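Enquirer: Okay, handing you the structure first.
The values are calculated or read from the model by the stated rules, or taken from the named source; none is laboratory data. Remember, it's a predicted structure, so these values are computed and weren't measured experimentally. Every residue, glycine as well, gets a Cβ built from its backbone with ideal geometry; the counts of neighbours run over all protein chains shown.
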Amino acid sequence: MRFGIDLGGTKIEVAALAPSGEIVLRERVPTPQGAYEATISAIRDLVTGAESKLGVRGSVGVAIPGTISPRTGLVKNANSTRLIGHPLDRDLSAALGRTVRTANDANCFALSEASDGAARDANVVFGIIAGTGVGGGVVVNKQIVAGAHFIGGEWGHNPLPGARADEIPGPQCFCGRMGCVEAWCAGPKFEQQFAEAAGRKLPAKDIATAAENGDEIARTVMDSWLDRLARSIASLVNILDPDAVVIGGGLSNIDALYRELPARVEHYAFTPEGPTRIVKNQHGDSSGVRGAAWLWREGDPEGIPR
């Protein structure tokens, strides 16, 4: 049995994955807002409780909102700041009596969709999480490519490619730089661009609907947003040439992404001789916890409980 944990800022979820990929148990609890140690205890209790209900023990993988530094062994780049500076994988391994694997939540999303989701037949997959922020992950042959510094796939903090005169220096990003892809293309930024142009506010999905229904301001803002996304994805295509790009997060529910982005990306990419395959995720909100479970494969002995 594989157990996956999705550690979020407001909830912690566990899922038990059968060898077939079927989720046989799924539970969640609120994320403790106090000391770091309370989070360790909550994850331990979720796993041991799930094992007790199922009458079986298994491997544990954890999707985290950050990453563990290969240099220090401590959590970095986490928006759940109480995790930063702690050896999360080692502490969970000690609490659960087995080796625990962790990975960035965007990497887990990509792994889930590459393992048994929308890109299960693809060798090279780029997973995009587009919502409040813009994140990503790279999976090759069903394995996460984390990179030398464990920041592989963090395309949201690249400068917007092909920035035009009116896009320089660009909006401030939370990372401290100007004009990042995330600062242009994240959901709140898309909504802000519409509000500034139209003098009224709409959620991102409603902006897309208004554009399809003939709202000229919505269509103009939508065209600019899709163009920036296409330029950003084209830069990935030039480096990775992925078999599939899978989109998740709240913005993945905008149907125009799958109709319009492939041709736009082909226009900006370096002679791909055909549109890039861009697909909607299959597992939705389950992809994080499923990808965490898939961090362990058949025959990995280290994950067996002691």
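Enquirer: How many residues, within region 53-80, are in contact with a Ser or Thr (Cβ under 7 Å, 6 or more places away or on another chain), in a loop (DSSP other than H, G, I, E, B) and modelled with pLDDT of 95 or more?
Expert: 0
Enquirer: Listed residues Ala15, Ala50; which is buried (at least 20 other Cβ atoms within 10 Å of the Cβ), at pLDDT 95 or above and in a helix (DSSP H, G or I)?
Expert: Ala50 is the lone residue from the list that is buried (at least 20 other Cβ atoms within 10 Å of the Cβ), at pLDDT 95 or above and in a helix (DSSP H, G or I).
Enquirer: Would you check if there is a residue in region 91-99 being polar (S, T, N, Q), surrounded by 18 or more Cβ atoms within 10 Å (Cβ to Cβ) and in a loop (DSSP other than H, G, I, E, B)?
Expert: Yes, region 91-99 contains at least one residue that is polar (S, T, N, Q), surrounded by 18 or more Cβ atoms within 10 Å (Cβ to Cβ) and in a loop (DSSP other than H, G, I, E, B).
Enquirer: List the pairs whose first member sits in region 34-46 and is assigned to a helix (DSSP H, G or I), whose second member is among the acidic types (Asp, Glu), and whose Cβ atoms are under 7 Å apart, counting only residues at least 6 apart or on separate chains?
Expert: Close Cβ pairs satisfying both conditions: Ile40/Asp91; Leu46/Glu27.
Results for (1) out of contact with any helix residue (DSSP H, G or I) (no Cβ under 8 Å at 6 or more places or on another chain); (2) among the aliphatic types (A, V, I, L, M); (3) touching a residue at least 40 places away in the same chain (Cβ under 8 Å), shown as yes or no for each residue.
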| residue | (1), (2), (3) |
| --- | --- |
| Gln193 | no, no, no |
| Ala198 | no, yes, no |
| Ala211 | no, yes, yes |
| Leu236 | no, yes, yes |
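Enquirer: Can I ask one more? On the given criteria, is Ile84 surrounded by fewer than 21 Cβ atoms within 10 Å (Cβ to Cβ) and closer than 16 Å to Ala103 by Cα?
Expert: yes
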